[in-house]
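Below: the structure, in structure tokens.
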Amino acid sequence: MNWFNRNSKYPVFYRTYLNSFKHKKKDLETVRFVAFDTETTGLNINEDKILSIGTVGIINFKIHISDTFECYLIQDTFNTETVKIHGLLKTGHITKVEETKAIEDFLNYIGNAILVAHHAAFDIAMINAALKRMNLPKLKNKAIDTGHLYKKITNPKDNKHYSLDELSKIFNITMHDRHTASGDAYITALLFVKIVAKLKEKENLSLNDLFANKRIGLL
Amino acid sequence: MKNTIAERILDFLKHFPPFDTLSAEELFAISKEVVVLHFEKEQYIFQQGNTLNDCFYVVKDGAIGIYNDKTLVDQCDEGDVFGLRALIRKDNYLLNAKAIEESIVYAISSKLLEKIIINNTEASQFLIASFATNTRNPYSEEDKGTLFAYETFTHKNNSDFTEIQSASFSKNPITCKSHTKIKDAALVMSQNKVGSIVITNNKQPVGIITDKDLRYKIATGLYNIIDEVESIMSTPVITFPPNITVAEAQIAMLKHEISHLCITKDGTVNSELIGILSEHDIIVIHGNNPSVLIKEIKHATTAIRLHEIREKAHHLLSNYISQHIPISFVTNIISAINEAITKRIIHLSIAEMSETQPTTFAWLALGSQGRKEQLLLTDQDNALVYEDAEHNAEVKAYFLKLAKAINDKLNTVGFEFCPAEMMGSNPKWCLSVSEWKKQFQDWIIHPDEDKIMLCNIFFDFDNVYGNHQLVDDMSESIFDAIDHYEIFLNFMAQNALKNPPPLSFFRNFLVEDSGEHKNQFDIKARAIMPLVDAARVLILSKNIKNITNTIDRYQKLANLEPQNKHLYETCINAFKILLHSRTQQGLKNNDSGRFIDLNHLSKADRLKLKSCFKPIKNIQELLLVRFNLSQFM
């Protein structure tokens with residue numbers, strides 16, 4: 001009851017989001033992963049804004065195209081430099097929504113899924129910054145970084161920073177729609193599935209083995 | 001809402017059947033629901049006896065092998081559909097599907113499948129056809145119906161094309177008895193306003209009289225009008241069953257140089273006459289047709305005019321191919337036209353000669369024209385044989401001059417000069433019978449690679465014109481020589497294996513890696529010639545004379561060796577498909593069609609081509625065993 005009261009200050013959607021964590025699935029085959037990516041006006045977490053979010057759902061290492069989320073945000077911040085990368089103009093033909101609406105929809109969509117992103121820390125920080133502007137706490141979801149995950153099959157002590165392009169090449173993934181949130185989310189999903197397949201070859205894999213500091217590669 | 005990922009899936013699927021027949025909306029609806037699967041090498045997608053997954057599969061990247069137990073029955077690569085059979089049958093899986101290499105596969109739910117089938121006829125026809133041929137060699141005899149089911153499905157309009165319609169014939173033929181007086185028969189013909197009368201015995205046709213007979217045999221005074229019809233009738237008559245097609249009728253008329261066919265109940269002379277089909281009936285069916293062209297050829301007086309007619313024939317060919325007329329009909333018709341042109345040219349050339357012809361001769365068409373498999377205009381390959389005579393030098397000079405005139409005119413028509421000079425005007429290929437016999441003997445007794453190549457070209461000769469006896473003598477000498485030097489066949493068989501089929505290249509065809517045709521597939525050298533060469537050596541080993549056509553050769557082999565019937569029939573089907581593909585390519589690019597740019601082939605055409613390689617491999621294995629070639633290599 002106490003718990004419920006504590007959360008009552010939050011809007012309904014956020015309470016629903018929180019509630020979804022009450023029943024967790026812990027096994028590798030049934031848990032829902034959501035690969036996601038954001039396109040932003042720049043790399044500064046405090047000043048830059050999210051321009052678009054793209055996602056795709058993965059259950060039992062199958063990528064479900066029916067389980068996607070793609071949205072474009074109305075932002076005042078505009079950076080001519082990054083337009084060259086993501087191609088999103090301030091005004092364009094794509095239907096855009098307010099940031100608050102985008103975040104609400106995104107949380108509704110992800111629920112308690114485990115997030116998968118390439119260099120996940122940045123994308124999660126960008127979402128958290130937006131949540132903060134809405135006076136809401138940070139994301140509760142567990143997250144997997146495909147950059148880290150890759151090192152589990154090579155060398156955990158490798159400090160090299162592998163870009164999505166580099167890993168796509170290593171894993172023979174055709175790159176379409178690179179630098180669109182959805183395109184990168186889909187590439188990340190494929191990368192995730194392929195890396196996990198390699199990990200599975202080595203031993204019995206459990207969900208916990210996928211998260212950061214577990215060194216299953218060398219066990 | 002924008003859906004970039006689904007759009008990308010759509011961009012992939014839209015290139016492949018059956019998806020290429022769907023509307024953008026239908027395809028987007030499917031793309032949105034795709035499940036993307038990843039398989040490591042050796043991982044199973046499904047296994048025999050597994051219960052049904054509620055979906056079918058499309059290979060996005062990689063390659064999936066379909067196995068019956070351990071035997072590979074099909075290989076699926078980019079854009080290939082699999083897993084349909086079980087889904088349509090709503091049955092357990094009967095086969096294994098295993099990743100041959102790391103693969104990405106799209107799974108599409110059965111719900112969407114049903115939606116496609118119900119909404120789109122073309123797509124469903126493709127799926128049904130590929131379902132029916134999925135696990136079997138689609139070109140084998142027992143599956144014939146199912147393979148060509150696809151053809152008929154997608155080209156159902158071709159029944160409108162007159163060539164393969166049943167020809168409509170006159171159902172009440174005018175007849176008389178063999179002892180009828182010629183005058184009475186002519187009266188009956190006049191009363192009925194018909195140009196022919198069939199002489200019957202017990203309702204079975206025994207002979208025929210046409211207007212032409214009255215003109216040549218009666219009006220000239222050769223016979224008396226009170227003689228019996230028996231004395232002037234043509235007999236036996238050419239008979240066909242009632243379901244004869246227009247094309248068959250035309251071919252028969254061209255072949256036998258006749259204008260009337262008798263239609264009998266079972267197609268033989270020993271059954272009841274039920275109708276008569278005249279050339280006129282056919283001309284009524286359609287105006288621009290091969291028999292009209294043949295007539296024009298016969299009346300042409302210059303090579304330029306023959307060139308114009310050959311152009312028309314080319315146009316006809318292009319119509320036939322686009323209408324999916326069976327390739328064997330098409331080859332028969334085009335060969336008949338080519339032959340008529342050559343004959344006409346020989347006639348014209350003889351008439352031009354100032355000297356009198358010293359002795360008899362025969363004109364031979366070699367290579368593809370000799371096999372009657374020449375559809376597109378290619379180089380001429382021909383030779384001349386003349387009767388042995390006393391003053392050989394003079395005789396030879398005459399025939400060289402004649403051959404030169406013939407070669408020049410053929411060139412004008414569009415059959416370009418052979419770059420290797422394999423032509424009658426070359427003193428090496430304009431020989432007397434005994435010189436030819438010596439030549440063949442030398443080739444057979446001392447075979448080297450060049451001589452084998454010459455044998456491959458010369459042994460497929462067709463006597464287009466002239467003294468048949470000379471040609472029979474030549475054939476005879478070939479078989480005699482082979483009888484004495486049987487090892488020759490082993491050399492020939494070994495030569496037939498020099499181009500193995502690109503079977504291992506199931507994902508990428510074996511393409512030329514250098515030169516002008518880099519990255520193109522040489523359909524002649526790598527697919528057609530291996531089948532042609534194998535048929536030739538096999539038929540020679542059986543001592544069969546006078547069959548030069550590859551399809552006819554395999555047909556004959558199938559009759560002679562029932563145990564290999566299946567193999568030979570798959571070769572026939574593969575050969576037809578290859579010939580058709582080559583012709584299609586040649587028409588499209590206005591060239592010989594020999595080199596195919598695979599990037600411009602549709603997926604369905606690529607699949608068809610690919611499936612032709614298996615029979616090639618099998619027939620080459622048969623040669624290897626039969627001619628003990630493993631010791632040769």
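The values are calculated or read from the model by the stated rules, or taken from the named source; none is laboratory data. Since the model is a prediction, treat every value here as computed from it, not as a measurement. Cβ: placed from backbone, ideal geometry, glycine included. Neighbour counts: every protein chain shown. Only protein heavy atoms, including side chains, enter the accessible area calculation; ligands, DNA and RNA are left aside. Shrake-Rupley method; radii C 1.70, N 1.55, O 1.52, S 1.80 Å.
With N counted as the residues of chain A, its alpha-carbon radius of gyration over 2.2 N^0.38 Å works out to 1.03.
With the cut-off at 27 Å, tell me which of the pairs B:Lys2/B:Lys41; B:Lys401/B:Lys438; A:Lys169/B:Lys70; B:Lys70/B:Lys542; B:Lys70/B:Lys617 have Cα atoms farther apart than that.
On the way: B:Lys2/B:Lys41 34 Å; B:Lys401/B:Lys438 23 Å; A:Lys169/B:Lys70 33 Å; B:Lys70/B:Lys542 37 Å; B:Lys70/B:Lys617 20 Å.
Long pairs (Cα-Cα over 27 Å): B:Lys2/B:Lys41; A:Lys169/B:Lys70; B:Lys70/B:Lys542.
Mean partner shielding of peptide A:67-77, defined as the number of other chain Cβ atoms within 10 Å of each residue Cβ, is 2. Pop out the Kirkwood hydrodynamic radius of the range B:1-49 from its pairwise C-alpha distances, inverse of mean 1/r, in Å to one decimal. It works out to 12.4 Å. The string of couplings for the range A:60-68 from the Karplus curve (6.51, -1.76, 1.60, θ = phi - 60°) is 6, 6, 10, 8, 9, 5, 5, 9, 10 Hz, one whole number per residue in order, with x for Gly and Pro. For A:Lys9, the lysines whose Cα falls under 19 Å of its own Cα, not counting residues fewer than eight places away in the same chain, are A:Lys22, A:Lys101, A:Lys132, A:Lys138, A:Lys140.
All Cα-Cα distances of the protein assembly as shown, cut into 20 Å bins from zero to the largest, leave 12, 33, 27, 17, 9, 2, 0 percent in each bin in turn.
Normalised by 2.2 N^0.38 Å, with N the number of residues, the alpha-carbon radius of gyration of the range B:190-276 equals 1.12.
Size of chain B from its Cα atoms: along the principal axes, largest to smallest, the extents are 90, 64, 45 Å.
Kirkwood-type hydrodynamic radius, the range B:7-111: 13.9 Å, calculated from all non-identical alpha-carbon pairs.
Interface B-A: total buried accessible area of about 1900 Å², 1.4 Å probe, protein heavy atoms only. For the range B:226-273 and the range B:1-54, what is the separation of their Cα centres, given in Å? One Cα centre to the other: 57 Å. Mind pulling up the Rg/Rh value for the range B:233-278? Radius of gyration and Kirkwood radius, both on Cα. A ratio of 0.93. Computing Rg and the Kirkwood Rh from the Cα coordinates of the range B:29-72 gives a ratio, Rg/Rh, of 0.97.
Atom-type composition of the exposed protein surface of the protein assembly as shown places 51 percent of the accessible area on carbon and sulfur (1.4 angstrom probe).
Hey, which of these cross-link pairs are over 31 Å Cα-Cα: B:Lys90/B:Lys524; A:Lys142/A:Lys198; B:Lys524/B:Lys545; B:Lys312/B:Lys404; B:Lys32/B:Lys90? Listed pairs above 31 Å: B:Lys90/B:Lys524. Remark on the range B:354-492: ratio of C-alpha radius of gyration to 2.2 N^0.38 Å is 1.03.
If you sort B:Thr360, A:Thr188, A:Thr95 by accessible surface, 1.4 Å probe, largest first, the order is A:Thr95, B:Thr360, A:Thr188. Amide H contacts of B:Gly207: B:Ile199, each under 5 Å away and 5 or more positions distant or on a separate chain (H built 1.01 Å from N in the peptide plane; Pro and chain starts excluded). If the Kirkwood radius is taken over C-alpha pairs of the range B:413-493, then at 20 °C and 1.002 mPa s the Stokes-Einstein diffusion coefficient equals 157 µm²/s. Cross-link reach is defined here as a Cα-Cα straight distance under 30 Å, omitting same-chain residues fewer than 8 places apart; for B:Lys217 the lysines meeting it are B:Lys171, B:Lys177, B:Lys181, B:Lys183, B:Lys193, B:Lys203, B:Lys255, B:Lys295, B:Lys298, B:Lys343.
Per-residue shielding of B:311-317, expressed as the average number of other chain Cβ atoms within 10 Å of the residue Cβ, stands at 0. Here the range B:317-429 is described by how far its Cα atoms reach on the three principal axes: 54, 27, 23 Å, from widest to narrowest. Entry note, chain B: relative contact order of 10 percent, from Cα contacts under 8 Å with a spacing of 6+ residues. Peptides A:205-211, A:181-187 ranked from most to least packed give A:181-187, A:205-211, packing being the mean of other C-beta atoms within 10 angstrom over each peptide's residues.
With all pairs of different alpha carbon atoms counted, what Kirkwood hydrodynamic radius in Å does the range B:337-389 show? This gives a value of 12.5 Å.
The mean number of Cβ atoms from other chains found within 10 Å of a Cβ in peptide A:183-192 is 2, as a whole number. The longest part of chain B holding none of the exposed loop trypsin sites (Lys or Arg not before Pro), meaning those outside H, G, I, E and B in DSSP with at most 10 other Cβ atoms within 10 Å, is B:194-517.
Taking only DSSP H segments of four or more residues, each worth -39500 (n - 2.57), what value at 222 nm results for chain A once the sum is divided by all its residues, to the nearest 500 deg cm²/dmol?
Rounded to the nearest 500, it is -11500 deg cm²/dmol.
Legend: Rg and Dmax of the range A:12-127, from Cα coordinates, 15.1, 44 Å.
Accessible surface calculations at 1.4 Å, restricted to protein heavy atoms, place the protein assembly as shown at 46 Å² per residue.
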